[in-house]
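Here it is, the structure in full.
The values are calculated or read from the model by the stated rules, or taken from the named source; none is laboratory data. Only a predicted model underlies this, so the values are computations on that prediction, with no experimental measurement involved. Positions of Cβ are generated from backbone atoms using ideal geometry, with glycine treated the same way; all protein chains shown enter the neighbour counts. Keep in mind that these areas ignore ligands, DNA and RNA; they rest on the heavy atoms of the full protein, side chains included. Shrake-Rupley method; radii C 1.70, N 1.55, O 1.52, S 1.80 Å.
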Amino acid sequence: FHSLENCLEHYKDETNRTVFIIGGGEIYTQSMEMANTIFLTRVHTTIDGDTFFPKIDETKWQLVSNEDFEMDEKHAFSYSFQKWEKK
């Protein structure tokens, strides 16, 4: 698809269809108003980079679940898996 709008328009009439937006940074920013749910993995470390997920406006979004995971042999950093829903 050439735009987010084209993609969502294409799938709007399908039942039981979930569209996942998986980045990058500008695509996340463009889609925040269109989304109903955010599945977010927060990695508990600081990494230099130039692309980041946009700040979640807690006046518009509610954290509905959070599961914490410690670092282990498969994961170099601890992390949290969160689910946010639009208010």
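So which residues in region 17-43 are more than 17 Å from TRP61 (Cβ to Cβ) and more than 10 Å from the chain's Cα centre (by Cα), if there are any at all?
ARG17, THR18, VAL19, GLY24, GLY25, GLU26, ILE27, VAL43
Here are some residues: THR59, THR29, THR45. Which one is open to solvent by 100 Å² or more (accessible area, probe 1.4 Å) and polar (S, T, N, Q)?
On the way: THR29 fails: open to solvent by 100 Å² or more (accessible area, probe 1.4 Å); THR45 fails: open to solvent by 100 Å² or more (accessible area, probe 1.4 Å).
Among THR59, THR29, THR45, only THR59 is open to solvent by 100 Å² or more (accessible area, probe 1.4 Å) and polar (S, T, N, Q).
Checking TRP61 against (1) among the aromatic types (Phe, Trp, Tyr); (2) in contact with a helix residue (DSSP H, G or I) (Cβ under 7 Å, 6 or more places away or on another chain); (3) farther than 18 Å from TYR79 by Cβ, which single condition isn't satisfied?
Every listed condition holds for TRP61 apart from (2).
For residues that are assigned to a loop (DSSP other than H, G, I, E, B) and among the polar types (S, T, N, Q), tally how many sit in region 33-66.
Residues of region 33-66 assigned to a loop (DSSP other than H, G, I, E, B): 33-36, 44-60.
From what is left, the residues that are among the polar types (S, T, N, Q) are 36, 45-46, 51, 59.
So the count comes out to 5.
On to the next question. Only one of (1) farther than 17 Å from LEU8 by Cβ; (2) in a loop (DSSP other than H, G, I, E, B) is not met by VAL19, so which one is it?
Against the list (1) farther than 17 Å from LEU8 by Cβ; (2) in a loop (DSSP other than H, G, I, E, B), VAL19 comes up short only on (1).
Working carefully through the options ASN16, ASN36, ASN66, find the one that is open to solvent by 100 Å² or more (accessible area, probe 1.4 Å), without any contact (Cβ under 8 Å) to a residue 24 or more places away in the chain and of a type in the set (S, T, N, Q). Full working, then the answer.
On the way: ASN36 fails: without any contact (Cβ under 8 Å) to a residue 24 or more places away in the chain; ASN66 fails: open to solvent by 100 Å² or more (accessible area, probe 1.4 Å).
Step by step, each of ASN16, ASN36, ASN66 is checked, and only ASN16 is open to solvent by 100 Å² or more (accessible area, probe 1.4 Å), without any contact (Cβ under 8 Å) to a residue 24 or more places away in the chain and of a type in the set (S, T, N, Q).
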